[in-house]
Every structure is written in C-alpha cells, then in structure tokens.
1. Quick one: would you say Lys7 is of a type in the set (D, E, K, R), assigned to a loop (DSSP other than H, G, I, E, B), surrounded by fewer than 18 Cβ atoms within 10 Å (Cβ to Cβ) and modelled with pLDDT under 95?
2. Kindly list, by first and then second residue, each pair from a residue in the stretch 26-38 that is farther than 9 Å from Lys97 by Cα to a residue that is part of a strand (DSSP E or B) and small (Gly, Ala, Ser), limited to pairs with Cβ atoms under 9 Å and residues at least 6 apart or on different chains.
3. I'd like to check something: does the stretch 27-47 contain any residue that is modelled with pLDDT under 95, touching a helix residue (DSSP H, G or I) at 6+ places or on another chain (Cβ under 6 Å) and surrounded by 12 or more Cβ atoms within 10 Å (Cβ to Cβ)?
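The values are calculated or read from the model by the stated rules, or taken from the named source; none is laboratory data. Note that this is a predicted model, so its numbers are computed, not measured. FYI the Cβ positions are ideal-geometry reconstructions off the backbone, even for glycines, and counts take in every protein chain you see.
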Amino acid sequence: MAEDSSKPSEDEAEEREEEEEEAGEEVEEERLYVVPFGRVWNAPRPYRTPKAVKALKDFIKKHMKVDRVRVDGKLNQFIWGRSIEKPPRKIRVRVTKDRKGVATAYLAEAAQ
C-alpha cells in the first residue's frame, strides 16, 4: 500500500515537537500561510530582502493578531539565500502562537 505523501511523517512530527520544546512555550495556535512578496519587488534592488522580512512580520502581525513576531533561522536563511536583491516572490510559512502572544514563523517545507 502506498503511503500518503500529504501527511507529515513521524520524523517531521518529532522535529516539529523539538522546535517547539526549544522555544520553551506551549503552542496555542498553529497556521499555514502563503505570504506574497510581490510588492517588495517594487523597491530598489538593495532594499528588497530587508523589505521582504518586514513584509513577512507585518503579514503575521495582521493575521495572527500579535504584537511580537520571531522568524526562525532556517526561514531567514531561505529569504536571504538569493542575496539582498532577489528575495522569493512568495513563501509558505508555518506560524505558531504561544500563550504569551508571541508568533514564531518557520519555513513550511515539511507541510508541502
């Protein structure tokens, strides 16, 4: 019988639990988003990637209704991976919100 690829594997679930334990907070809410960076490309080239990080944080603040947003290191490396001039056009993220009202954004590569 073929395994359903849309469900996360046990290893991915364990990795996700480890990330949450490292944060030391209990997850109150978790959501998946596709964050569009289309308007970021209207900025001059040397300002695009910093603007993309700010757009990501603003998007999460708006949709998760929080005041503080943390960006995971892997997600930050993915955004900055093509230099300051060429951020991705859109990005899929997994956002968790803890009991203190802090949202943490992770790259949603396992959720695809």
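1. Yes; evaluated as a whole, the condition is true for this residue.
2. Sorted first by the residue in the stretch 26-38, then by its partner, the pairs are Tyr33/Ala105; Val35/Ala105.
3. yes
A quick yes/no check of all residues on (1) of a type in the set (Ser, Thr, Tyr); (2) over 21 Å from Gly38 (Cα atoms); (3) not in a helix (DSSP H, G or I):
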position	(1), (2), (3)
Lys57	no, no, no
Ile79	no, no, no
Val93	no, no, yes
Tyr106	yes, no, yes
